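**Q** Take a look at the following structure, please.
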Amino acid sequence: NDPYHVFLIKNINDDNTVDIIFDDNPTGTNIATATSWTSPAQRRIGSIIRASAAILGFVQDADHFQLATALLDYNTDPGGTSAFSVTLTVPTDIRVIARVNATASDTVAGGTKTDLYLSDLSTTDMAVSTTAAPLASAPNASSTTMLPVGPIDVRTSTNAQIRGRLEARTVNTVVRIATLGWIDHRGRG
């Protein structure tokens, strides 16, 4: 139950055999040992995620990987308006652009309106604002209705994490983030 990185490989020193191989390392450090080829040419062409002893289904279109079934990765009260980390169901050991839907609201009718900001952990942690940068990724126009916003693209850490931050919070606030898929440039830029 780990991510595996998919490589197209070619045996350039012998017979030019071409094959596909999976490696748990995104740089393909185990390929030469696994194939007994001397310095094979290699290129990572994607990554898969295994969960519950099976590959999570997905559809790929170039650099876009969409999960066959979206997953609710965060469904809780983050406990305040300070930054919190969210681990998403995307490949680890590489940085990808996660595609998510998100919402935040007070679960009690007439409760406090709140906006949600999602960001890359390697960027500056900024407070949510309705009038100044960075604004909000998921603005909520109502305190009584959860208004999902998406898709939102957020770059992940190599641990598949992003940052979330609320504008306001009460004891009834809930944040929900569903992972739809990811964009992986597969070593190109």
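The values are calculated or read from the model by the stated rules, or taken from the named source; none is laboratory data. Keep in mind that this is a model prediction, so the values were computed, not measured. Virtual Cβ from ideal backbone geometry, glycine too; neighbours counted across all protein chains shown. Keep in mind that these areas ignore ligands, DNA and RNA; they rest on the heavy atoms of the full protein, side chains included. Shrake-Rupley method; radii C 1.70, N 1.55, O 1.52, S 1.80 Å.
**Q** How many residues, within segment 43-58, are within 17 Å of D184 (Cβ to Cβ) and either touching an Asp or Glu at 6+ places or on another chain (Cβ under 9 Å) or in contact (Cβ under 8 Å) with a residue 40 or more places away in the chain (or both)?
**A** So the count comes out to 9.
**Q** Moving on. Just a yes or no: is a residue in segment 125-143 at pLDDT 95 or above and open to solvent by 20 Å² or more (accessible area, probe 1.4 Å)?
**A** Pass one, segment 125-143, residues at pLDDT 95 or above: 125-126.
Add one more test, that the residue is open to solvent by 20 Å² or more (accessible area, probe 1.4 Å), and what stays is 125-126.
Yes: segment 125-143 contains one or more residues that are at pLDDT 95 or above and open to solvent by 20 Å² or more (accessible area, probe 1.4 Å).
Matching residues to (1) open to solvent by less than 70 Å² (accessible area, probe 1.4 Å); (2) modelled with pLDDT under 90:
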position: P148; (1), (2): no, yes
position: N159; (1), (2): no, no
position: L166; (1), (2): yes, no
position: R169; (1), (2): no, yes
position: W182; (1), (2): yes, no
position: R188; (1), (2): no, yes
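**Q** Taking S122 as the residue in question, decide whether it is in contact with a strand residue (DSSP E or B) (Cβ under 9 Å, 6 or more places away or on another chain) and closer than 27 Å to Y4 by Cβ.
**A** yes
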